[in-house]
Amino acid sequence: MACDAAAPVDPAEQTVTAGSSGLQYDAASGLYTYVWKTDRAWAGTCRQFTLTFRDGNVASARFKFPK
């Protein structure tokens, strides 16, 4: 569920990976996968996930967590 572009984004927090997962890259598909734990307190909020790569490139995605 995408956030409205005008929706406010809550302050930054560091993510916590789920179990031993983390950022994975599949060279065959060219896709990254990142599994993280969410907090129940995020219900009804809009969050932006920003990933900064070692080379300085940045990728962002916005998420709305339903109640």
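The values are calculated or read from the model by the stated rules, or taken from the named source; none is laboratory data. Note that the coordinates shown come from a computational prediction; the quantities given were computed from them, not determined experimentally. Cβ placement follows ideal geometry from the backbone for every residue including glycine, while neighbour counts extend to all protein chains displayed.
Points to keep in mind about this one:
- Scope the range 14-28; condition at pLDDT below 80 and part of a strand (DSSP E or B); matching residues: Thr17
- Contact map, the range 29-53: residues that are modelled with pLDDT under 85 paired with residues that are in a strand (DSSP E or B) and of a type in the set (Phe, Trp, Tyr), Cβ distance under 6 Å, separation 6+ or inter-chain. Pairs shown: Arg47/Phe63.
- The range 42-64 - residue that is in a loop (DSSP other than H, G, I, E, B) and under 21 Å from Gly22 (Cα atoms) and, of those, farthest from the chain's Cα centre (by Cα): Asp55
- For the range 3-13, the criterion of being within 12 Å of the chain's Cα centre (by Cα) and either surrounded by 10 or more Cβ atoms within 10 Å (Cβ to Cβ) or modelled with pLDDT of 85 or more (or both) is satisfied by no residue at all.
- For Ala28, the criteria (1) exposed (fewer than 11 other Cβ atoms within 10 Å of the Cβ); (2) within 14 Å of the chain's Cα centre (by Cα) hold in every case but one, which is (2).
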